[in-house]
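Rule-based calculations on the coordinates, nothing more; no lab input. The shown structure was predicted, so the numbers you read here are calculated from the model rather than taken from an experiment. Because the Cβ atoms are built from the backbone with ideal geometry, glycine has one as well, and the counts that use them run over all protein chains shown.
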Amino acid sequence: MFDFFRKHMRVMQFALVLLILPSFVFFGIQGYSRFGEGGNATVATVAGQAITQAELDAAHREQVDRMRRQAPNVDAKFFDTPEMRQRTLDEMVRERVTLAAAGKLNLTTTDDRLRRLFVSDPQFAFLRNPDGSVNKDALAQQGMSSEMFAQRLAQDIAQRQVLLGVSGSAFAPVGASTTAMDALLQQRQVQVIRFDAKDYAAKIVPTDAELQAFYDNPANAAQFMAPEQATIEYVVLDLDTIKKGIAVNEDDLRKYYEENAARYTTPEERRASHILIKADKDAPAAERDKARARAEALQAEAKKNPAAFAELAKKNSDDPGSAERGGDLDFFGRGAMVKPFEDAAFGLKPGEVSAVVPTDFGYHVIVVTATRGGEKRSFEAVRAEIEDEVKRQLAQKRFAEVATEFTNTVYEQPDSLQPVVDKLKLELRSAQGVQRAPKPGATGPLASPKFLEQLFGNEALRNKRNTEAVETGPSQLASGRIVSYAPARKLPFAEVKARAQAGVVAEMAAAQARKAGQARLAALQQAPDGALAAPAVVVSRVQRRDLPPPVIDAVMRADTGKLPALVGVDLGEGGYAVARIDKVLGRDPAVADLSQLSTQYAQAWAEAETTAYYNALKTRFKVEVNAPAAGEAASAPR
């Protein structure tokens, strides 16, 4: 069956990558339980079964929620767009098509394969207990039982098999791959003459009539528009604001200091040297006894003459990493060494040699050479830091309560922000020249698209009301109102005459450059072998030689059946270019390793075949897609 599609689906489009992922990773496990629920308008049908607007809304909400969890600082409006809703619908259609195809092809999977996949696939880690068994509580939170999950997983594997049959077996024919690589990497020797618009601009002196005509042309109106803007006042509720109203007494600060003393104490560290006599913990007793005896002898020798410890370690230690440094381990803190070694090192004074210390690695003789840390910063030195931290913790606890007051006040008294300012002791701020989109460098609420959208909404703009409380950052709410508003308007000609002149000059210069270039092209077409005052360069799609992309594209697309070949390239406001192709050469030697390109080409071929097969399945199962309705807003409730 797959050979049929390969023979007859000849138009192989290189489309976007068809991600063959488990569909419930995209829609969420709960989404499937909703497919059977009642809905309203039909947005698509697959094999006679409808996908309703309610199902689309539910699936899209879950997708937006998942994206917000992955990128919490990105405004949900970025995800909830018509394009994203269309993508959600496309994925739902794809899921239904592959489900129908899996049923027709009788694709199944074994229980053993399900178990192996569940235990090994990282995406199911949150559903596994440490021993690999199913975490039924985690499943329950997803609204699933073990049986439902197993059924869904088996169904998903069957669906993946539908397209894997094509994508997993597709290959790019050698002839097609060779032809594609030749075309992609081919070099051509060219001479290029540039007719730059800037070279003609200095000679152009437009008349006032020409400037006025340019200004009056509706196609140019956007160049002379002053954007709408507003003067606003706004208030911000955040942790810093709440902190200002919090007082902490001295006794509480001192209590916090004592309870968190370790945080204000420099970690204690030891610098030590050691001699290791290796003896694995599983070694025979006789071998370990022999190693211990040797360590005890070295310990006795080191104790007699601690100054010679480094020399002793160089000659006798079995630790290759430290032996050449006289056993030196540099400074280390608690937790860096195995427990017996750490306990011994931190129990010694500088210059003191330890008793023999047994560990899993063998027997150690340790000498501490230096100590540092352990100093506790005084309360006075850290008081300001403690006060700020305590206030912040209290502010975080109080934020939810104050946020409710803030939200209710700006909503219940919408004609002014002064009530919320007085009630919560907030600062009334102002800003001029505010536009619908954040300006570069904007901070706080003025950098929030969500806040600006509220400001320029009907309630705030037309009815002069406060905006709702808008979350503009972590633990930050803002509300604003329009003080004065200037709609977008076309600036008077007198104010933008210089701008009009620049536009006319650019337009005329480009036209003159184009005219000169086309004249030169016509002359060369009459005498293709005529001399060109331009150096010959070898170019390819990989090596552009500083030529504009449109020139390279035109050169590489040109018919070279007869050489020299000529092409003219309109560069828009940049001017015009004439290129003469003198030679067609082999592949670009700069690309020595073709393996990656060949792999990418094979992947693209597989994707094209998979797309063709999927489109055939859509036809077979009579997919009909209506324009999806706007649906519910997926953003969080305000």
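Under the convention that each Lys and Arg Cβ holds +1 and each Asp and Glu Cβ holds -1, the size of the dipole of region 233-296 around its Cα centre is about 660 debye.
Looking at region 497-604, which trypsin sites (Lys or Arg not before Pro) are in a loop (DSSP not H, G, I, E or B) and have at most 16 other Cβ atoms within 10 Å?
Values: sites: 497, 499, 514, 515, 520, 541, 544, 545, 557, 562, 580, 583, 587; in loops: 541, 544, 545, 562.
Those that pass, being in a loop and sparsely packed, are 544, 545, 562.
Figure the gain on full extension for residue 424 and residue 483 (residue separation times 0.36 nm, minus the Cα-Cα span) and round it to one decimal in nm. If you can, show how the numbers build up before the last one.
On the way: separation 59, 0.36 × 59 = 21.24 nm, distance 2.17 nm.
Between residue 424 and residue 483, full extension yields 19.1 nm more.
The angle between the Cα long axis of helix 146-167 and the main principal axis of the chain comes to about 50°, on a 0 to 90 degree scale. Note on residue 462 and residue 315: the model spin-label points, each 7 Å out from Cα along the C-beta direction, lie 9.7 nm apart.
Taking amide H as placed 1.01 Å from N in the peptide plane, residue 483 has its amide H under 5 Å from the amide H of 231, 232, 233, each at least 5 places away in sequence or on another chain. Taking amide hydrogens as placed 1.01 Å from N in the peptide plane, the amide H of residue 362 sits under 5 Å from those of 279, each at least 5 positions away in sequence or on another chain. Fully extending the segment from residue 65 to residue 207 would add 45.3 nm, taking 0.36 nm per residue of separation and subtracting the current Cα-Cα distance.
Dipole of region 191-347, Cα-centred, from +1 at each Lys and Arg C-beta and -1 at each Asp and Glu C-beta, to the nearest 20 debye?
Working: 23 positive and 30 negative charges, 249 e Å.
The dipole of region 191-347 has a size of about 1200 debye.
At q = 0.17, 0.21, 0.26, 0.28 Å⁻¹, what log₁₀ I(q)/I(0) does a Debye calculation on the Cα points of region 504-569 give, no solvent, two decimals? Once normalised to I(0) and log-transformed, intensities are -0.76, -1.08, -1.29, -1.31. Along region 347-352 the Karplus relation, 6.51 cos²θ - 1.76 cosθ + 1.60 evaluated at θ = phi - 60°, assigns HN-Hα couplings of x, 9, 9, x, x, 8 Hz to successive residues, with x for each Gly and Pro. Between helix 174-185 and the chain there is an angle of about 80 degrees, using the helix long axis and the longest principal axis of the Cα atoms. If one puts a single equal scatterer on every Cα of region 475-618 and applies the Debye formula without solvent, what log₁₀ I(q)/I(0) results at q = 0.12 Å⁻¹? For region 475-618 at q = 0.12 Å⁻¹, log10 I(q)/I(0) is -0.79.
A straight Cα-to-Cα reach below 19 Å connects residue 376 with the lysines 255, residues fewer than 8 places away in its own chain not being considered.
Below 8 Å between Cα atoms, with a sequence gap of 6+, how large is the relative contact order for the chain in percent? Don't skip to the end; give the middle numbers.
Working: 929 pairs, mean separation 167.0, N = 638.
Taking the mean separation of contacting Cα pairs over the length of the chain, I get 26 percent.
Applying the criteria of a DSSP loop state and at most 13 other Cβ atoms within 10 Å to the trypsin sites (Lys or Arg not before Pro) of region 198-282 yields 203, 281. Annotation for region 394-470 versus region 204-231: alpha-carbon center distance of 36 Å.
Computed from backbone phi, the HN-Hα couplings of region 240-247 come to 5, 5, 5, 4, 4, x, 9, 10 Hz, rounded to whole numbers (Karplus: 6.51 cos²θ - 1.76 cosθ + 1.60, θ = phi - 60°; Gly and Pro given as x).
Within 10 Å of each candidate Cβ there may be at most 10 other Cβ atoms; applying that plus a DSSP loop requirement, which chymotrypsin sites (Phe, Trp or Tyr not before Pro) in region 100-132 survive? Filter output for region 100-132: empty list.
Once you compute Rg and the Kirkwood Rh from C-alpha atoms, what is the Rg to Rh ratio for region 465-533?
On the way: Rg = 27.4 Å, Rh = 18.4 Å.
Here the Rg-to-Rh quotient is 1.49.
Proximity of backbone amide H atoms, modeled 1.01 Å from N, is registered between residue 369 and 271, 272, 273, 351 at under 5 Å, excluding neighbours fewer than 5 places apart on the same chain. How far, in degrees from 0 to 90, does helix 53-70 lean away from the longest principal axis of the Cα atoms of the chain, to the nearest 10? For helix 53-70, the angle is close to 50 degrees.
Ignoring the sites themselves, what is the longest stretch of the chain with no GluC sites (Glu not before Pro) in a DSSP loop and at most 15 other beta-carbon atoms within 10 Å?
Details: sites that count: 37, 228, 268, 324, 352, 375, 427, 632.
My reading of the result: 428-631 is the longest stretch.
Filter 439/497; 136/618; 439/490; 425/464; 339/397; 303/339 down to the pairs with a C-alpha to C-alpha distance above 28 Å, please. Present the calculation step by step, with values, prior to reporting the outcome.
Numbers: 439/497 26 Å; 136/618 37 Å; 439/490 21 Å; 425/464 23 Å; 339/397 40 Å; 303/339 23 Å.
136/618; 339/397, as the Cα separations exceed 28 Å there.
Label sites at residue 138 and residue 603, each approximated as a point 7 angstrom past Cα along Cα to Cβ, lie 2.9 nm apart. The string of couplings for region 441-448 from the Karplus curve (6.51, -1.76, 1.60, θ = phi - 60°) is x, 5, 10, x, x, 5, 9, 9 Hz, one whole number per residue in order, with x for Gly and Pro.
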